Amino acid sequence: MRPLRVLITGGAGFIGSHLGDRLLADGHEVVVIDNLATGKREDVPAKAKFVSGDVSKVAELEPAFEQHGPIDAVCHIAGQVSLIKSFTDPTLDLRTNVEGTVNVLMQCVKRKVSRVLYASSMTVYGGSDAVRPPEDGPCWPISYYGITKLAGERYAHVTSERSDLTHPLNVTSFRMYNVYGPRQALDNPYQGVLGIFLGNLARGEKVKIFGDGEQSRDFVYVGDVVDAWARALGDERAYGQVFNLGSGKRMSINALADVAARAFDQTKADVVVHEPARPGEQRQVEADTTKIERVLGWRAKTSFEDGFGETVRWARGAKN
Ligand SMILES: NC(=O)c1ccc[n+]([C@@H]2O[C@H](COP(=O)([O-])OP(=O)(O)OC[C@H]3O[C@@H](n4cnc5c(N)ncnc54)[C@H](O)[C@@H]3O)[C@@H](O)[C@H]2O)c1
């Protein structure tokens, strides 16, 4: 594959910064735009070009498409990522995830960018009864965040299918499950549960479980996730596709609390406090990865033991 100039929106964040590292290692040029709402400037790879800006403001987004030369492909990862915040600040969620996505897509159309990869989420399935929903199954988001991620995904694919485009725009979306790994937020009570637990334990705090703890999540290691993105970037088989991206295995929150407590030489009974269940939370979650295995030959390779060990080592040394 020829080297591309790739714009990563949200490239100062957890997934975006790992993808930047990977694309640079693959020989691509990387431009990052981020408003540092949750991302960190120091996590942007040193060899990437950085543009400070908000994707929901066209005037701040345009320089990312101009300052460092024409963009060949966009990995649109910037987003308001908190399910809880989507209920407490729905306007911010809407502006960032929907308006920001529309702005990115319109820049791509205007500038004849031919490739867009979009960070969607398993929350689009929401209240769907299936434990392992396939990509063509019903989407029934039960959080505002799930609604805005689904809207962004549909905007991306409908834009690529517009008959009035003068230049092809090939879109791929990844409905990611619970991504974990080094650099994930440990200090944000509204983000991924695994990071929240590790942050609590590193700071000597109690770990809160909402509801009975028997709800489950599919934890997928960030190195595996960016491998899927990097492979799909230049692969025509991925054009127009929506892929579930997870480990294909589920783990209960009680089991997670147990391994997390043990990693910090404690027991679950010492550290866990129970709180009432929260609205908008899915119950049993596990990715059906049949499609991405079939189309791209991708499957998660990192065992939970290895990925979790790596994350705990990083969390013990992290400043936050
Ligand atoms: N982490 C997961 O498990 C997971 C699962 C499914 C989907 N996703 C999606 O993946 C993406 C990245 O998530 P993450 O876990 O890396 O979170 P993150 O918070 O680390 O990354 C999001 C990045 O977007 C930036 N950002 C937010 N609003 C912006 C704006 N208006 N303009 C420019 N930049 C902005 C943030 O500063 C941050 O760097 C998000 O779109 C999220 O919805 C994440």
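The values are calculated or read from the model by the stated rules, or taken from the named source; none is laboratory data. Source: prediction; values computed, not measured. With ideal geometry, Cβ positions are generated from the backbone for all residues, glycine too; neighbour counts draw on all protein chains shown. Just the protein is used for accessible areas: all its heavy atoms, side chains included, with ligands, DNA and RNA removed. Shrake-Rupley method; radii C 1.70, N 1.55, O 1.52, S 1.80 Å.
Below are the figures for this structure:
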read-out: From VAL58, VAL30, residue being of a type in the set (A, V, I, L, M) and open to solvent by 30 Å² or more (accessible area, probe 1.4 Å); value: VAL58
read-out: Number of the condition not met by ALA300 [criteria: (1) touching a Ser or Thr at 6+ places or on another chain (Cβ under 6 Å); (2) over 30 Å from CYS139 (Cα atoms)]; value: (2)
read-out: Candidate set: the stretch 148-179, residues that are part of a helix (DSSP H, G or I) and free of Cβ contacts under 8 Å to residues at least 40 places away in the same chain; chosen: the one farthest from the ligand (Cβ to nearest atom); value: VAL158
read-out: Scan of the stretch 1-36 for residues that are within 7 Å of the ligand (Cβ to nearest atom), farther than 20 Å from ASP187 by Cβ and more than 13 Å from the chain's Cα centre (by Cα), ordered by number; value: ILE33
read-out: Enumeration of residues in the stretch 62-76 that are open to solvent by less than 20 Å² (accessible area, probe 1.4 Å) and within 13 Å of the ligand (Cβ to nearest atom); value: ALA64, VAL74, CYS75, HIS76
read-out: Helices (runs of 4 or more DSSP H) enclosed by the stretch 241-309 - at least 1 residues per element that are open to solvent by less than 80 Å² (accessible area, probe 1.4 Å), over 20 Å from ARG132 (Cβ atoms) and not β-branched (Val, Ile, Thr); value: 253-263, 268-271
read-out: Residues (more than 10 Å from the ligand (Cβ to nearest atom) and over 18 Å from the mean Cα position of the chain (by Cα)) located in the stretch 37-61; value: GLU42, ALA46, LYS47, ALA48, LYS49, PHE50, VAL58, ALA59
read-out: Residue in the stretch 102-129 that is most open to solvent (accessible area, probe 1.4 Å), counting only those that are part of a loop (DSSP other than H, G, I, E, B) and touching a residue at least 12 places away in the same chain (Cβ under 8 Å); value: LYS112
read-out: Selection count where residues are open to solvent by 30 Å² or more (accessible area, probe 1.4 Å), among the β-branched types (Val, Ile, Thr) and either modelled with pLDDT of 95 or more or under 19 Å from ILE77 (Cβ atoms) (or both), scope the stretch 132-159; value: 2
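Conditions (1) under 24 Å from HIS274 (Cα atoms); (2) open to solvent by less than 20 Å² (accessible area, probe 1.4 Å); (3) within 15 Å of the ligand (Cβ to nearest atom), marked per residue:
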position: GLY181; (1), (2), (3): no, yes, yes
position: ASN188; (1), (2), (3): yes, no, yes
position: GLY195; (1), (2), (3): yes, yes, yes
position: LEU198; (1), (2), (3): yes, yes, yes
position: ALA202; (1), (2), (3): yes, no, no
position: TYR221; (1), (2), (3): no, no, yes
position: ASP224; (1), (2), (3): no, yes, yes
